[in-house]
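Rule-based calculations on the coordinates, nothing more; no lab input. Computed from a predicted model, the values in this text were never measured in an experiment. Don't worry about glycine lacking a Cβ; one is built from the backbone with ideal geometry, like all the others, and counts go over all protein chains shown.
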Amino acid sequence: MITSAPYKPGDEKGILALRRAVFGNIDPVRLLPQTWKWQFENNPAGKGFIRLAWDKGRVIGQYAAIPVRLLVDSKPLLAAFSCDTMIDPAYQGKGLFVQLANELYDDLAQAGIDLVWGFPNSSSMPGFTRRLGWKKICPLPFFGGFSSYFAPAGLSAKKIFRNNPAAFGPTGRFGSEHDALWQENAPKKGIVQVKDSAWCNWRYIDRHEFGYEAFEIPGRSGLPEAFFVMRLQFFCKIPICVLVDFFPFSAASKKNGRLVALAAAKIMKSPAIAAAFSPALWPVARKLGFIKTPGLFSPKKIQLAARFSPALSNPLANPSAWFCAFSDTDLV
């Protein structure tokens, strides 16, 4: 008989077995117990919420979410990010996805969390919107640029780097100077994930297997003017440098865009850069020198969606209120 229950310590063994059954070895880092612990126990926003379906002593379904610290018009809001939904192929079509989701939403409500958000793929989106009360908010189209030394941006960046070799460098671990950068530059209006040092270290540094490279651009005071994060990914077997994050948004400029291009060419060894931005960040993309990619040539489709109470509709239902970059989408 199929039963459901919240996660209890030790269940992660069954969860990882389910992941292997559903996804195989597509993402081997996700099959490591230490990666599971990083995602669901070491998150600076708190431990994850997990509902499991069992049959004959085996985990055959999961609906999960991790807590996320947001600022909504400068006010802190604890939300949940929906991720790692999995149903064993032999048990699909039995309503387990909807059952586990609704049970988890009850758990979240008891914890005082009224907003669940994420990036459902095209196959799961109908289930979220038609059966679970989610709303599509906006797509995150891809933007692209060239990092080659032979491109104008690359040549300009090379000159900047030659004149000032310390134009950018690895961050190491994020520290108090990055907390100050966040506190001084967090958007006053709109919805943004808190990007303090605790989050940045957890997100980009603590699990080196993901291959993130974080850089900072020094300011005149010696403190960082901005930081940006890159990751090499393969689209159609082609290595592309993905600009995962850039902050503060106000530091977007042609000069800093050229430094991003140089880091992509010099450090990541990639001839091209890709990035995904929500509408609120499209001006940032343009200032960095990125060009919006036609939908036909986008490596994949990313769609932001959320489930929230009517009281939160303003501004959560407004596509222009969300400050989302690729870093918000590639945790799943």
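Dipole orientation for the chain: of the candidates Phe40, Phe168, Ala305, Phe168 has the Cα lying most toward the positive pole (charges on Cβ; Lys, Arg +1; Asp, Glu -1). The string of couplings for the range 90-101 from the Karplus curve (6.51, -1.76, 1.60, θ = phi - 60°) is 6, 10, 6, x, 9, x, 5, 4, 5, 4, 5, 4 Hz, one whole number per residue in order, with x for Gly and Pro.
Scanning residues 5 or more positions from Phe174 or on other chains, those with amide H under 5 Å from its amide H are Asn201, with H placed 1.01 Å from N in the peptide plane. Please list, ordered by chain and number, the residues whose modelled amide H lies under 5 Å from the amide H of Phe143; skip anything fewer than 5 residues away on the same chain. When sequence neighbours closer than 5 places are left aside, the close amide H contacts are Ala275, Ala276, Phe277, Thr293. Taking every lysine pair in the range 3-138 that is 8 or more places apart or spans two chains, those with Cα atoms closer than 20 Å amount to 8. Computed from the C-alpha gyration tensor, the three semi-axes of the ellipsoid equivalent to the chain are 36, 21, 19 Å, from longest to shortest. Computed from backbone phi with θ = phi - 60° and the Karplus coefficients 6.51, -1.76 and 1.60, the 3J(HN,Hα) list for the range 183-193 is 4, 7, 10, 4, x, 7, 10, x, 10, 8, 6 Hz; x is used for glycine and proline.
Counting alpha carbon pairs within less than 8 Å and at least 6 residues apart, what relative contact order, in whole percent, applies to the chain?
For the chain, the relative contact order is 20 percent.
For the range 232-302, the ratio of Cα radius of gyration to the globular rule of thumb 2.2 N^0.38 Å stands at 1.08. Around the Cα centre of the chain, unit charges on the Cβ atoms of Lys, Arg, Asp and Glu (plus for the first two, minus for the last two) sum to a dipole of about 1040 debye.
Dividing the summed helix terms, -39500 (n - 2.57) for each DSSP H run of n ≥ 4, by the number of residues in the chain produces a 222 nm estimate of -8000 deg cm²/dmol to the nearest 500.
Near Ile60, the amide H atoms lying under 5 Å from its own belong to Ala53, Trp54, Asp55; only residues 5 or more places off or on other chains count, and H is placed 1.01 Å from N.
Dividing the convex hull volume of the Cα atoms of the range 3-138 by its residue count, what figure in Å³ per residue is obtained? Don't jump to the answer; show the numbers that get you there.
On the way: hull volume 16.6 nm³, N = 136.
Once divided by residue count, the hull of the range 3-138 is 122 Å³.
Starting from the Cα of Asn318, step 7 Å toward the Cβ, then list every residue of the range 166-206 with an amide N under 20 Å from that point. Answer for this model: 185-194.
Each of the peptides 47-59, 63-75, 2-14 was scored by the mean count of other Cβ atoms within 10 Å over its residues; in descending order, highest first, they stand as 63-75, 47-59, 2-14.
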